[in-house]
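The values are calculated or read from the model by the stated rules, or taken from the named source; none is laboratory data. No experiment lies behind these values; they were computed from the predicted model shown. Neighbour counts run over all protein chains shown; Cβ positions are idealised from the backbone, glycine included.
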Amino acid sequence: MNNLFSIFDPHSSFFNMQLNWLSSTLILFFIPLNYWLISNRYLYMFNLILNFLKLEINNLLKTKNFKGNSIFFISLFFMIFFNNFLGLYPYIFTSTSHLIFNLTFSLPIWLTLMFFGWINKTQNMFIHLIPSGTPSILMPFMVLIETISNLIRPGTLAVRLTANMIAGHLLITLLSSNGPLLSNLMVMMILFMELLLLILEMSVSIIQTYVFTILSTLYTSEIH
């Protein structure tokens with residue numbers, strides 16, 4: 001019996017090289033091309049999502065000190081979303097199911113915010129360590145709690161996305177692996193459950209991408 005986690009193995013059988021990571025470059029095929037003179041439904045949907053994200057991110061950033069940051073977070077959204085969504089197709093490696101891949105997004109964002117905040121907005125960073133209205137006796141504990149919660153932010157962002165991607169794929173694999181041993185009626189029931197799980201995973205791929213992007217935006221908006 002194969003290990004269930006073998007579906008997340010990044011190694012390829014081609015000269016034992018890690019070529020599966022190249023699946024992350026497949027998103028280049030889904031980006032709308034500039035040479036289209038006539039708008040189509042795909043381009044219309046892409047622009048609709050783009051405008052919605054831009055409005056949402058700009059509302060969270062509030063101030064005008066973050067001009068151009070919406071482009072970065074929108075690009076981050078599409079990068080993670082396409083990796084989540086393409087991972088549902090057979091024989092396409094799910095990059096976002098690996099913690100190291102998700103940390104390459106969350107850790108640089110967090111480090112950049114920390115360096116920028118403590119160097120240029122030191123007073124505001126100290127203010128965020130103590131919520132308004134905190135009694136004097138509780139201030140040391142609040143500073144400790146806020147410091148710990150701040151330090152684990154990149155980890156929680158990456159682990160949340162990784163855990164959700166792994167959980168759904170494992171459920172789909174568990175159900176599909178028992179098919180040959182069951183009767184025709186049970187196979188039909190499993191196919192129906194697999195269809196429901198695929199719909200759920202499509203929703204999860206969108207929701208987790210949105211959560212990752214919005215939380216990153218909120219962490220950025222704290223430094224103003």
Might you let me know whether region 141-156 holds any residue that is more than 20 Å from the chain's Cα centre (by Cα), exposed (fewer than 12 other Cβ atoms within 10 Å of the Cβ) and outside any helix (DSSP H, G or I)? no
Quick check on my filter: what residues within region 114-138 are part of a helix (DSSP H, G or I) and of a type outside the set (A, V, I, L, M)? Phe115, Phe116, Gly117, Trp118, Asn120, Thr122, Gln123, Asn124, Phe126, His128, Ser136
Can you tell me which residues in region 105-139 are surrounded by 13 or more Cβ atoms within 10 Å (Cβ to Cβ) and closer than 30 Å to Trp21 by Cβ? Phe105, Ser106, Leu107, Ile109, Trp110, Leu113, Met114, Phe116
Does Ser75 satisfy being polar (S, T, N, Q), out of contact with any helix residue (DSSP H, G or I) (no Cβ under 9 Å at 6 or more places or on another chain) and part of a helix (DSSP H, G or I)? yes
Quick test for you: out of Leu111, Leu50, Leu28, pick the one residue that is within 20 Å of the chain's Cα centre (by Cα), at pLDDT 90 or above, assigned to a helix (DSSP H, G or I) and of a type in the set (A, V, I, L, M). Leu111
Assess whether Asn2 counts as being farther than 17 Å from Tyr219 by Cα and either of a type outside the set (Val, Ile, Thr) or modelled with pLDDT of 85 or more (or both). yes
